[in-house]
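Below is one structure, written out as C-alpha coordinates, with a few remarks after it.
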Amino acid sequence: MKVENLLNEIREANLSYLILAQNMLRADRAEALVRLGLSEEVARIIDQLTAGQLLKIAASNMLMCRFRFDDSLVWNLLLSHTRGAENAQAAGMHAAILMTGNAIEAVV
Amino acid sequence: MKKAKTVLGEARQIALASDLIHLGARLQVLESETSLSRERLLKLYKEIVGKSPPKGMLPFSTDWFMTWQPNIHSSLYINLFQSLNRSSELDEIEVVIHAYRMYREYVARLKMPEVLSVTRAWRLTRFFDAGMLTSTACTECGGNFVVHTYELTGGYVCGLCDMPSRAGKTRANRMAAYADAENESTEVALAG
(Lines give C-alpha, C1' and ligand atoms only; values in the text may rest on other atoms or scores of the structure.)
Protein backbone atom coordinates (compact mmCIF):
# COMPACT_ATOMS: atom_id res chain seq x y z
CA MET A 1 0.00 0.00 0.00
CA LYS A 2 1.27 3.44 -0.87
CA VAL A 3 1.85 5.87 1.97
CA GLU A 4 -0.81 8.23 0.69
CA ASN A 5 -3.40 5.43 0.56
CA LEU A 6 -2.41 4.29 4.02
CA LEU A 7 -2.86 7.76 5.46
CA ASN A 8 -6.24 8.07 3.79
CA GLU A 9 -7.38 4.79 5.29
CA ILE A 10 -6.18 5.83 8.73
CA ARG A 11 -8.16 9.05 8.43
CA GLU A 12 -11.28 7.18 7.39
CA ALA A 13 -10.93 4.68 10.21
CA ASN A 14 -10.38 7.54 12.68
CA LEU A 15 -13.43 9.39 11.45
CA SER A 16 -15.79 6.42 11.64
CA TYR A 17 -14.39 5.47 15.03
CA LEU A 18 -14.88 8.97 16.44
CA ILE A 19 -18.39 9.28 15.01
CA LEU A 20 -19.33 5.86 16.39
CA ALA A 21 -17.94 6.81 19.81
CA GLN A 22 -19.87 10.06 19.77
CA ASN A 23 -23.13 8.34 18.81
CA MET A 24 -22.65 5.69 21.48
CA LEU A 25 -21.95 8.30 24.15
CA ARG A 26 -25.06 10.26 23.21
CA ALA A 27 -27.30 7.19 23.10
CA ASP A 28 -26.27 5.72 26.46
CA ARG A 29 -23.32 7.23 28.25
CA ALA A 30 -22.87 4.62 30.98
CA GLU A 31 -22.87 1.68 28.59
CA ALA A 32 -20.72 3.52 26.06
CA LEU A 33 -17.98 4.13 28.64
CA VAL A 34 -17.76 0.40 29.28
CA ARG A 35 -17.98 -0.65 25.65
CA LEU A 36 -15.39 1.92 24.57
CA GLY A 37 -13.19 1.56 27.65
CA LEU A 38 -13.10 5.31 28.02
CA SER A 39 -12.63 7.64 30.98
CA GLU A 40 -15.36 10.15 31.84
CA GLU A 41 -12.99 13.07 31.09
CA VAL A 42 -12.15 12.02 27.54
CA ALA A 43 -15.78 11.00 26.97
CA ARG A 44 -16.88 14.54 27.78
CA ILE A 45 -14.43 15.97 25.25
CA ILE A 46 -15.45 13.54 22.49
CA ASP A 47 -19.11 14.16 23.20
CA GLN A 48 -18.70 17.88 22.58
CA LEU A 49 -16.55 17.75 19.43
CA THR A 50 -17.98 19.63 16.47
CA ALA A 51 -17.93 18.20 12.94
CA GLY A 52 -14.95 20.40 12.09
CA GLN A 53 -13.02 19.26 15.13
CA LEU A 54 -13.81 15.62 14.35
CA LEU A 55 -12.36 16.02 10.85
CA LYS A 56 -9.28 17.76 12.20
CA ILE A 57 -8.56 15.04 14.74
CA ALA A 58 -9.29 12.26 12.25
CA ALA A 59 -6.73 13.75 9.85
CA SER A 60 -3.90 12.81 12.22
CA ASN A 61 -1.34 10.30 10.95
CA MET A 62 -1.89 8.17 14.03
CA LEU A 63 -4.79 5.80 14.59
CA MET A 64 -7.02 7.10 17.38
CA CYS A 65 -8.13 3.57 18.32
CA ARG A 66 -5.90 0.72 19.41
CA PHE A 67 -6.09 -2.94 20.33
CA ARG A 68 -7.62 -3.09 23.73
CA PHE A 69 -7.00 -6.68 24.68
CA ASP A 70 -3.31 -7.23 24.92
CA ASP A 71 -3.68 -10.80 26.10
CA SER A 72 -3.32 -13.70 23.68
CA LEU A 73 -5.68 -15.78 25.85
CA VAL A 74 -8.59 -13.48 24.98
CA TRP A 75 -7.84 -13.80 21.26
CA ASN A 76 -7.55 -17.57 21.45
CA LEU A 77 -10.85 -17.82 23.32
CA LEU A 78 -12.57 -15.63 20.74
CA LEU A 79 -11.24 -17.89 18.00
CA SER A 80 -12.37 -20.86 20.14
CA HIS A 81 -10.49 -23.83 18.79
CA THR A 82 -12.61 -26.17 20.86
CA ARG A 83 -14.98 -28.85 19.63
CA GLY A 84 -18.72 -28.89 20.39
CA ALA A 85 -21.30 -26.17 20.97
CA GLU A 86 -20.98 -26.35 24.77
CA ASN A 87 -17.24 -25.77 24.69
CA ALA A 88 -17.64 -22.90 22.26
CA GLN A 89 -20.20 -21.30 24.59
CA ALA A 90 -17.88 -21.74 27.57
CA ALA A 91 -15.04 -20.15 25.58
CA GLY A 92 -17.34 -17.25 24.65
CA MET A 93 -18.30 -16.68 28.28
CA HIS A 94 -14.66 -16.94 29.34
CA ALA A 95 -13.65 -14.29 26.79
CA ALA A 96 -16.54 -12.06 27.89
CA ILE A 97 -15.49 -12.28 31.54
CA LEU A 98 -11.88 -11.44 30.70
CA MET A 99 -12.90 -8.57 28.45
CA THR A 100 -15.33 -7.04 30.93
CA GLY A 101 -12.76 -7.41 33.72
CA ASN A 102 -10.31 -5.63 31.47
CA ALA A 103 -12.86 -2.85 30.92
CA ILE A 104 -12.61 -2.00 34.60
CA GLU A 105 -8.84 -1.53 34.43
CA ALA A 106 -9.17 0.64 31.34
CA VAL A 107 -11.69 2.92 33.01
CA VAL A 108 -9.90 3.34 36.35
CA MET B 1 -35.36 4.44 49.46
CA LYS B 2 -36.29 7.68 47.77
CA LYS B 3 -39.69 9.18 48.48
CA ALA B 4 -41.69 10.23 45.44
CA LYS B 5 -43.17 13.49 46.62
CA THR B 6 -43.64 15.16 43.26
CA VAL B 7 -45.60 14.01 40.24
CA LEU B 8 -42.40 13.94 38.18
CA GLY B 9 -40.69 11.94 40.90
CA GLU B 10 -43.51 9.44 40.84
CA ALA B 11 -43.35 9.23 37.06
CA ARG B 12 -39.68 8.38 37.35
CA GLN B 13 -40.44 5.69 39.92
CA ILE B 14 -43.08 4.18 37.65
CA ALA B 15 -40.65 4.18 34.71
CA LEU B 16 -38.05 2.43 36.88
CA ALA B 17 -40.58 -0.13 38.12
CA SER B 18 -41.79 -0.87 34.60
CA ASP B 19 -38.19 -1.28 33.34
CA LEU B 20 -37.65 -3.84 36.08
CA ILE B 21 -40.93 -5.63 35.35
CA HIS B 22 -40.06 -5.82 31.65
CA LEU B 23 -36.78 -7.49 32.61
CA GLY B 24 -38.74 -10.02 34.67
CA ALA B 25 -38.12 -8.76 38.21
CA ARG B 26 -40.10 -10.18 41.12
CA LEU B 27 -42.38 -7.93 43.16
CA GLN B 28 -40.00 -7.92 46.14
CA VAL B 29 -37.33 -6.20 44.04
CA LEU B 30 -39.79 -3.47 43.05
CA GLU B 31 -40.92 -3.00 46.63
CA SER B 32 -37.36 -2.60 47.79
CA GLU B 33 -36.16 -0.29 45.01
CA THR B 34 -39.11 2.05 44.50
CA SER B 35 -41.25 4.06 46.88
CA LEU B 36 -44.50 3.09 45.16
CA SER B 37 -47.11 1.34 47.24
CA ARG B 38 -47.61 -2.39 47.00
CA GLU B 39 -51.09 -1.88 45.50
CA ARG B 40 -49.76 0.35 42.72
CA LEU B 41 -46.91 -2.04 42.00
CA LEU B 42 -49.34 -4.97 41.80
CA LYS B 43 -51.51 -3.02 39.40
CA LEU B 44 -48.53 -2.02 37.27
CA TYR B 45 -47.27 -5.60 37.24
CA LYS B 46 -50.64 -6.91 36.05
CA GLU B 47 -50.89 -4.23 33.38
CA ILE B 48 -47.47 -5.10 31.95
CA VAL B 49 -47.28 -8.86 32.37
CA GLY B 50 -51.00 -9.60 32.13
CA LYS B 51 -51.11 -11.82 35.20
CA SER B 52 -50.46 -11.72 38.94
CA PRO B 53 -46.85 -11.84 40.12
CA PRO B 54 -45.55 -15.17 41.46
CA LYS B 55 -45.87 -15.56 45.20
CA GLY B 56 -43.37 -16.93 47.66
CA MET B 57 -40.02 -15.90 49.02
CA LEU B 58 -37.01 -14.87 46.99
CA PRO B 59 -34.08 -17.26 46.78
CA PHE B 60 -31.78 -16.19 49.62
CA SER B 61 -28.77 -18.50 49.47
CA THR B 62 -25.31 -17.38 48.40
CA ASP B 63 -24.43 -20.99 47.51
CA TRP B 64 -26.36 -20.91 44.22
CA PHE B 65 -23.82 -18.38 42.91
CA MET B 66 -21.01 -20.86 43.57
CA THR B 67 -22.27 -23.71 41.39
CA TRP B 68 -20.52 -24.01 38.04
CA GLN B 69 -22.86 -22.50 35.47
CA PRO B 70 -24.45 -19.84 37.72
CA ASN B 71 -20.97 -18.79 38.87
CA ILE B 72 -19.87 -18.03 35.30
CA HIS B 73 -23.03 -16.10 34.48
CA SER B 74 -22.88 -14.20 37.78
CA SER B 75 -19.22 -13.37 37.24
CA LEU B 76 -19.94 -11.88 33.81
CA TYR B 77 -22.79 -9.83 35.28
CA ILE B 78 -20.77 -8.58 38.24
CA ASN B 79 -17.88 -7.54 35.98
CA LEU B 80 -20.32 -5.49 33.91
CA PHE B 81 -21.93 -4.09 37.04
CA GLN B 82 -18.60 -3.05 38.53
CA SER B 83 -17.29 -1.38 35.41
CA LEU B 84 -20.57 0.50 34.90
CA ASN B 85 -20.62 1.46 38.56
CA ARG B 86 -17.11 2.87 38.48
CA SER B 87 -17.48 4.80 35.27
CA SER B 88 -20.86 6.45 35.87
CA GLU B 89 -22.74 8.19 38.62
CA LEU B 90 -26.05 6.37 38.20
CA ASP B 91 -28.11 5.08 41.13
CA GLU B 92 -27.28 1.50 42.00
CA ILE B 93 -30.57 0.14 40.69
CA GLU B 94 -30.01 1.90 37.34
CA VAL B 95 -26.59 0.25 37.16
CA VAL B 96 -28.25 -3.11 37.87
CA ILE B 97 -30.63 -2.56 34.93
CA HIS B 98 -27.83 -1.52 32.55
CA ALA B 99 -25.54 -4.35 33.60
CA TYR B 100 -28.34 -6.89 33.30
CA ARG B 101 -29.24 -5.70 29.79
CA MET B 102 -25.61 -5.98 28.72
CA TYR B 103 -25.40 -9.44 30.31
CA ARG B 104 -28.44 -10.51 28.28
CA GLU B 105 -26.82 -9.26 25.07
CA TYR B 106 -23.78 -11.47 25.67
CA VAL B 107 -25.86 -14.53 26.53
CA ALA B 108 -28.15 -14.03 23.54
CA ARG B 109 -25.19 -13.72 21.17
CA LEU B 110 -23.76 -16.99 22.50
CA LYS B 111 -27.22 -18.61 22.20
CA MET B 112 -27.18 -19.58 25.86
CA PRO B 113 -30.08 -19.69 28.33
CA GLU B 114 -30.43 -16.73 30.71
CA VAL B 115 -29.22 -18.57 33.77
CA LEU B 116 -29.19 -15.39 35.86
CA SER B 117 -32.58 -13.71 36.30
CA VAL B 118 -32.76 -10.01 37.04
CA THR B 119 -33.99 -10.86 40.54
CA ARG B 120 -30.90 -13.02 41.12
CA ALA B 121 -28.70 -10.30 39.64
CA TRP B 122 -30.18 -7.75 42.05
CA ARG B 123 -29.73 -10.21 44.91
CA LEU B 124 -26.10 -10.76 43.91
CA THR B 125 -25.49 -7.01 44.00
CA ARG B 126 -26.99 -6.93 47.49
CA PHE B 127 -24.74 -9.79 48.63
CA PHE B 128 -21.75 -7.80 47.37
CA ASP B 129 -22.95 -4.69 49.24
CA ALA B 130 -23.39 -6.73 52.41
CA GLY B 131 -19.88 -8.14 52.00
CA MET B 132 -21.13 -11.73 51.86
CA LEU B 133 -19.79 -12.28 48.36
CA THR B 134 -16.86 -10.70 46.57
CA SER B 135 -14.86 -11.23 43.40
CA THR B 136 -11.34 -12.52 43.07
CA ALA B 137 -8.90 -12.93 40.17
CA CYS B 138 -8.25 -16.40 38.80
CA THR B 139 -4.54 -17.22 39.08
CA GLU B 140 -4.54 -18.81 35.61
CA CYS B 141 -6.49 -16.42 33.37
CA GLY B 142 -6.71 -13.28 35.51
CA GLY B 143 -10.50 -12.92 35.10
CA ASN B 144 -12.68 -11.80 38.01
CA PHE B 145 -15.00 -14.42 39.50
CA VAL B 146 -17.62 -14.44 42.26
CA VAL B 147 -16.46 -16.10 45.50
CA HIS B 148 -17.53 -16.24 49.17
CA THR B 149 -15.89 -13.39 51.08
CA TYR B 150 -14.23 -15.50 53.74
CA GLU B 151 -13.15 -18.33 51.49
CA LEU B 152 -9.42 -18.93 51.17
CA THR B 153 -8.66 -17.67 47.68
CA GLY B 154 -4.86 -18.01 47.73
CA GLY B 155 -4.47 -20.11 44.59
CA TYR B 156 -7.94 -19.59 43.17
CA VAL B 157 -8.54 -21.17 39.77
CA CYS B 158 -11.85 -20.39 38.06
CA GLY B 159 -14.39 -22.91 36.79
CA LEU B 160 -13.49 -22.13 33.18
CA CYS B 161 -9.75 -22.74 33.48
CA ASP B 162 -10.39 -25.91 35.47
CA MET B 163 -13.60 -27.25 33.96
CA PRO B 164 -15.37 -30.09 35.74
CA SER B 165 -15.88 -33.01 33.34
CA ARG B 166 -19.67 -32.75 33.37
CA ALA B 167 -19.70 -28.97 33.13
CA GLY B 168 -22.49 -27.48 31.05
CA LYS B 169 -23.98 -30.86 30.22
CA THR B 170 -27.36 -29.99 31.65
CA ARG B 171 -30.62 -31.55 30.70
CA ALA B 172 -31.84 -28.27 29.18
CA ASN B 173 -28.74 -28.06 26.94
CA ARG B 174 -29.19 -31.64 25.75
CA MET B 175 -32.83 -30.99 24.97
CA ALA B 176 -31.90 -27.83 23.04
CA ALA B 177 -29.25 -29.70 21.03
CA TYR B 178 -31.78 -32.44 20.31
CA ALA B 179 -34.36 -29.87 19.18
CA ASP B 180 -31.76 -28.24 16.90
CA ALA B 181 -30.96 -31.60 15.32
CA GLU B 182 -34.67 -32.25 14.84
CA ASN B 183 -35.14 -28.87 13.14
CA GLU B 184 -32.17 -29.45 10.88
CA SER B 185 -33.41 -32.86 9.82
CA THR B 186 -36.88 -31.52 9.02
CA GLU B 187 -35.28 -28.70 7.02
CA VAL B 188 -33.22 -31.22 5.09
CA ALA B 189 -36.33 -33.32 4.53
CA LEU B 190 -38.22 -30.28 3.27
CA ALA B 191 -35.34 -29.22 1.03
CA GLY B 192 -35.01 -32.77 -0.31
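Legend: calculated FRET efficiency, residue B:92 to residue B:42, from the Cβ-Cβ distance at R0 = 22 Å, rounded to 0.05, equals 0.35. Checking the Cα-Cα distances for B:5/B:51; B:5/B:46; B:55/B:111 against a 27 Å cut-off, the pairs over it are B:5/B:51; B:55/B:111. Computed over the Cα atoms of the protein assembly as shown, pair by distinct pair, the Kirkwood hydrodynamic radius stands at 21.9 angstrom. Close amide H contacts of residue B:135 (hydrogens built in the peptide plane, cut-off under 5 Å, sequence separation of 5 or more or a different chain): B:147. Summing charges over all other residues whose Cβ lies under 10 Å from the Cβ of residue B:92, with Lys and Arg as +1 and Asp and Glu as -1, gives -3. Once the Cα atoms are used to define both axes, helix A:3-27 deviates from the longest principal axis of chain A by about 80 degrees. Calculated accessible area for chain A comes out at 62 Å² per residue, all protein chains present (probe 1.4 Å; ligands, DNA, RNA ignored). Calculate the spin-label point distance for residue A:12 paired with residue B:152, positioning each point 7 Å from the Cα along the beta-carbon direction, and give it in nanometres. The two pseudo-label positions are separated by 6.0 nm.
Taking the inverse of the mean reciprocal distance over all distinct Cα pairs, the Kirkwood hydrodynamic radius of chain A comes to 15.8 Å. Protein heavy-atom surface of segment A:1-66, 1.4 angstrom probe: 59% of the accessible area is carbon and sulfur, with nucleic acids and ligands not counted. Each Lys and Arg contributes +1 and each Asp and Glu -1, all at the Cβ; summed about the Cα centre of the protein assembly as shown, the dipole is approximately 780 debye.
Which GluC sites (Glu not before Pro) from segment B:1-108 combine a DSSP loop assignment with at most 16 other Cβ atoms within 10 Å?
Loop-located and lightly packed - B:89.
Each part reduced to its alpha carbon centroid, segment A:36-97 and segment B:108-170 end up 23 Å apart.
The values are calculated or read from the model by the stated rules, or taken from the named source; none is laboratory data. These numbers come from a predicted model, not from an experiment. Glycine also receives a Cβ, built like all others from the backbone with ideal geometry; neighbour counts cover every protein chain displayed. Calculation scope for accessible area: heavy atoms of the full protein, side chains included, ligands and nucleic acids excluded. Shrake-Rupley method; radii C 1.70, N 1.55, O 1.52, S 1.80 Å.
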